[in-house]
Structures are given as structure tokens and as C-alpha cells.
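Data first, discussion second: the structure below is written as C-alpha cells.
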Amino acid sequence: MSRSRFAGISMHTTMTHTLQHNRLPQITAMFRQPDITLATSCLIHDVFPEGVPIFATAASDGSEALSLATAMLVNESGRKGVPLNAVDIADLGRRYPLEVSEPDAGRIDLLSQHYIELDDVEVKTTNNALRILSRVIRCPTPALATLDQFFEAVPTLPDPVKTSLARHGDPPQQEGFEWYRIKPPLTDWITLKQGSLEDRIADIPTDRPVVVLFSNVARYVHELHRRGEHPGLGALARQLGHRLAPGSMLIIGHQDTVQGIEEGKQTAHETIAQASPLHALQMVLNLARFEHFYLERHLIHNGFVPLDAQSLRDYDITDTPNQVWFKP
Ligand SMILES: C[S@@+](CC[C@H](N)C(=O)[O-])C[C@H]1O[C@@H](n2cnc3c(N)ncnc32)[C@H](O)[C@@H]1O
């Protein structure tokens, strides 16, 4: 990534920071894959200037979708030459409707009340990512391209939100994280749906191109399949292949590619030596579950084509091929 416009904020950097924290890494994060998210925000504006529906599946607490939304706002500001706080969010939302879906009821409940838990690494990574993007895209108000433009730290969750979450048995708060309220520009933009991948993919319109975020969920599906509880990644790739109209774009996660899995293993090995005993044990257990599950092969088999090498270079996602796919 050293030659990249988005240098210094690659997946490797993020992962190393997260793992070096003396606690279990959370399963998602704001700008978890900053290079991919920033490049995706630019690609969406370039490939679909008139707009396109976006479906963020397996969204967990919404971090990935919210990261993309903040990056798209910065893009809109730069491309239109308007201050970030004057972007016509209603127009952006009409052109790029963003559906965020997740099967976990507690996650959807929390998001519907506009709260998210963030740690200091995420705050720094988000500020760093938005700062770099605002420079690349020539946002006229780079000083506004920060996390606190979109999120506001709150000392605690309001009591009604706590009561509502308790119904799902969710833990009150992870150690080292703080609560943030998601501000209206983002909350007005997204719509929330609770549901499995299969259900949400079944609702995707087939008569026009769409963008689908399908990140870092393959390992879960693979695990369910091994236990006989899911038809598997092949079946999901077939459903995506049938459902997505020509011209559609599919984004997968770093941990969904063979290269990403190998890098994840390597980074974890390097970090285990510095981890606390409990953390190290958890990481060893996680590592044992890392294996190849060939999502890429299933996608190729079902008509998807990875973004070509030249475009990868143009968008500076050179360190991980096969993250962005098109349906020709
Ligand atoms: C590691 S998180 C990925 C979150 C986000 N996409 C990212 O890349 O950071 C995996 C998410 O997949 C969800 N998930 C697991 N199995 C699923 C299924 N069959 N359908 C939809 N989501 C699923 C989990 O609830 C979890 O929130």
C-alpha cells in the first residue's frame, strides 16, 4: 500500500492496531477496511453518477455501511464543490438509497435508536480515512471531514434504550468502548431491515443494477454449512448470480478472500506473542477456525468478474485483489 493514495490506512494497519489492544477484537469496526471502503465510495460515484440502490448485508452494528455513507458524503462534497455541511443529504439519499440489514435483533434495535459503540482506534481510523479522502477528492471543507461531524459521544445510553436492549439480552457495554449517537444526516439516509442474507438478497430488485456489500460473513456461512445448518456459500453465490442485474457491483471483505485469510493468519501470529494470556488463547482458537472457503471461486462460477488490475491500481486497492466484483 505504500504507493497508494490511501496509504497508511490499509487493512493490515487496522488489524494490527486492533489486535494489539489488550482485549478481544470486536467483530466489526468503523473503517475496518479503510482502503476498500474509500475506494468503493469513489467507485460508486464514478460508475453510478445518477445513483444506485445500495444493500449492506450482514451489517452487524452498521459500522461498514456508516463508514461508506460518511465517505460518500465527503465524495459528494468534493465532486460538487459544496461544503460538507451543505451537501443535500435528501438528494443523496434519493439517488443512493442505503438498506442496512442484519439478522441480529439487538443490533437492529440499537441502530434504529441511532446508537453505536466505538473505541479509540475506530475514532482515529475514521478521522484518518476521512481526512485522506477529503484531500484526494478535494473536499472544500476538509476540517469538517471528521467523525464528530456525524457522531456525538454520549456518557451513557438513555434508560429507554437500555431497557429495550435488555429484551435481546445484549451486554450493556464492551470494555474500552464508548457510546455514540449517530447524527441525523446518516440516520435519515439509511433504512434498516432485520433478516438473513438469503431473505435480503431475495428482495433485491432484479430490473436495475445495484451495489451489494457482502463483507466478512462468508466464514459464518461456511461454519453453519459445516454444521448442516445452511446450504452453503455455493448456494448463496448462485442466489446472488441470479438476483443481481448486469452492471451490479458486489463488495466482499478482506476475510472473504484467500489472500486476506492468509494475511489475517500472519498478522495474528505476529501479534499473539504480545497479547495477554486470555487474548492469546482466544486468538489461537480463532486461528484454528481460519480456513479457505473459496468464496471467490463460487463468485466466478456464478458470473461475477473481479475489478481488473488497471482499475485496482487507479483506485489504489492494489494490496488485495478480488474485493470488488462486477456482474457483466
Ligand atoms: C464479522 S460481521 C461483518 C460485519 C460487517 N459486514 C463487516 O464487514 O465489518 C458478520 C455479521 O454477519 C452476520 N451473519 C451471520 N450469519 C448470517 C446469515 N446467515 N445471514 C445474514 N447475516 C449473517 C452476523 O450476525 C454478523 O453481524
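A compact table of results
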quantity: Sites Gln113 and Leu224 - FRET efficiency at Förster radius 25 Å, r taken between beta-carbons, to 0.05; calculated: 0.30
quantity: Of Lys80/Lys193; Lys193/Lys327; Lys162/Lys193, pairs whose Cα-Cα distance is over 28 Å; calculated: Lys80/Lys193
quantity: Anchor Lys124: lysines whose Cα lies under 19 Å away (excluding residues fewer than 8 positions away in-chain); calculated: Lys183
quantity: Cleavage-rule hits (GluC sites (Glu not before Pro)) in segment 37-79: DSSP loop, at most 14 neighbouring Cβ within 10 angstrom; calculated: Glu50
quantity: Sparsely packed trypsin sites (Lys or Arg not before Pro) within segment 194-246, loop by DSSP, other Cβ within 10 Å at most 15; calculated: Arg227
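Values in this text are rule-based calculations from the coordinates and carry no lab data. Quick caveat, the model's predicted, so the values are computed rather than measured. We place every Cβ from the backbone using ideal geometry, glycine too, and count neighbours over all the protein chains shown.
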